[in-house]
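Have a look at the structure below before the remarks.
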Amino acid sequence: MSDTKYTKRTLIAALEKIMAQGWIKSHRNVNNDGAIGNTLEDLLGISENNLPLPNAAEWELKTQRRHTSALLTLFHLEPSPRALHIVDYLLLNYGWRHKEAGRKYPENEKSFRQTLCYRQPTLRGFFVDIDSKNERITVNFAPDKIGSEVIDWKNWLIANHKIKYDEDYVPYWGFYDLYHKAGVKLGNCFYVTADVKREDGEYFYKYSDIVQLSGFSLERFLINIRERNIFIDFDARTGHNHGTKFRIIQSAIPLLYENVTHI
């Protein structure tokens, strides 16, 4: 597909025209937010995650179903220290037997799949904190908060002397790295939501709301971490790391920006 070229004004006009069409058949017959975005990109004549606007600022197109409890992925960013392959370290030292080990995956397949938020430990005792002094977000581990449901895993950690991090292996994201990543990926954004229905096994979308967002703020980003509106997802297993994602609840997306305009 050859990308259609837009100015910001003509892109808004194109989005408004799509909204006026009402229900549109999905171009991907699957029930997920990715299909909503793929269909919209096809209608606009652009390739995935590419808004070819001829100005100095980059614009991102984010799509999601309306009134959903699902989290929206903001961006992927692996934690530091990257030279130490920190996710591999977490998987090897703090991972647990994968539920498909010995069936879909090898017998020794391990998993480190966690959704972390600010100062609220998961069942396995992991949470994120903000270290303002050193300007970084850290992944912390509280073994005393491990739930009774995973006591065998806790006993394994104790037996193998892994009940706390080696101080050189504390996972973190520096504020500068976060701002650079988010600034490139999210500095300016069109956020489009759609209603979804299914008829005769086919999915249809009605693009119902467009919000133009600009002026991404690191301060606002950190506030929303503290408010537990932003989560960090680890999704790694021995055979594959699916990537570490920063994700947000739908209602908080405009809170990251200085300028919010409903189209």
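Where a number appears in this text, it was derived from the coordinates with a stated rule and is not lab data. The shown structure was predicted, so the numbers you read here are calculated from the model rather than taken from an experiment. Don't worry about glycine lacking a Cβ; one is built from the backbone with ideal geometry, like all the others, and counts go over all protein chains shown.
Extending 7 Å from the Cα toward the beta-carbon at both Val30 and His240 defines two label points whose distance is 1.1 nm. Once you have a ≥ b ≥ c as the square roots of the Cα gyration tensor eigenvalues for segment 84-235, tell me rounded if a/c is under 1.5, and otherwise prolate or oblate according to whether a/b is larger than b/c. Oblate. Inter-label distance, Ser47 to Lys145: 4.3 nm, where each label sits 7 Å from its Cα along the C-beta direction.
Between Glu78 and Glu258, the modelled labels are 3.4 nm apart [label points 7 Å from Cα along Cα→Cβ]. Applying 1/(1 + (r/R0)^6) with R0 = 41 Å to the Cβ-Cβ distance of Ser251 and Asp168 gives a FRET efficiency near 0.60.
Could you tell me which of rounded, prolate or oblate describes segment 139-203, using a ≥ b ≥ c as the square roots of the eigenvalues of the alpha-carbon gyration tensor, with rounded for a/c under 1.5 and, failing that, prolate when a/b is larger than b/c and oblate otherwise?
Cα axes put segment 139-203 in the oblate bin.
At 0.36 nm per residue, and after removing the present C-alpha to C-alpha distance, how many nm does the segment from Leu92 to Asn108 gain when stretched out fully? The Leu92-Asn108 span can extend by a further 4.7 nm.
What you get for segment 1-46, charging only the Cβ of Lys and Arg (+1) and of Asp and Glu (-1), is a dipole of about 160 debye around the Cα centre.
For every other residue with a beta carbon closer than 11 angstrom to the beta carbon of Thr68, add +1 if it is Lys or Arg and -1 if Asp or Glu, then tell me the sum. With Lys, Arg at +1 and Asp, Glu at -1, the neighbours total 0.
Subtracting the Cα-Cα distance of His161 and Asp200 from their residue separation scaled by 0.36 nm leaves 8.4 nm.
Loop-located trypsin sites (Lys or Arg not before Pro) in segment 169-263 (DSSP state other than H, G, I, E, B) with a sparse environment of at most 14 neighbouring Cβ atoms within 10 Å: Arg228.
Restrict the search to segment 59-123; then list the trypsin sites (Lys or Arg not before Pro) that DSSP places in a loop and that have at most 14 other Cβ atoms within 10 Å of their Cβ.
Those satisfying the criteria are Lys99, Arg103, Lys104, Arg119.
Would you mind pulling out the separation of the Cα centroids of segment 92-117 and segment 10-37, in Å? Result: 37 Å between the Cα centres. Between Glu219 and Ala14, the FRET efficiency from the beta-carbon distance, with R0 = 51 Å, is close to 0.95. Decide, for segment 188-231, between rounded, prolate and oblate: order the square roots of the alpha carbon gyration tensor eigenvalues as a ≥ b ≥ c, take rounded if a/c falls under 1.5, and otherwise choose prolate if a/b is larger than b/c, else oblate. It is oblate, given that a/c is not under 1.5 and a/b is not larger than b/c.
Once C-alpha pairs closer than 8 Å and six or more residues apart are averaged by separation and normalised to the residue number of the chain, the relative contact order reads 25 percent. Given the pairs Lys181/Lys245; Lys5/Lys62; Lys185/Lys206; Lys99/Lys162; Lys185/Lys245, which are separated by over 20 angstrom at their Cα positions? Exceeds cut-off: Lys185/Lys206; Lys99/Lys162.
Here the extension length gained between Thr68 and Ser208 equals 49.0 nm, from 0.36 nm per residue of separation less the Cα-Cα distance.
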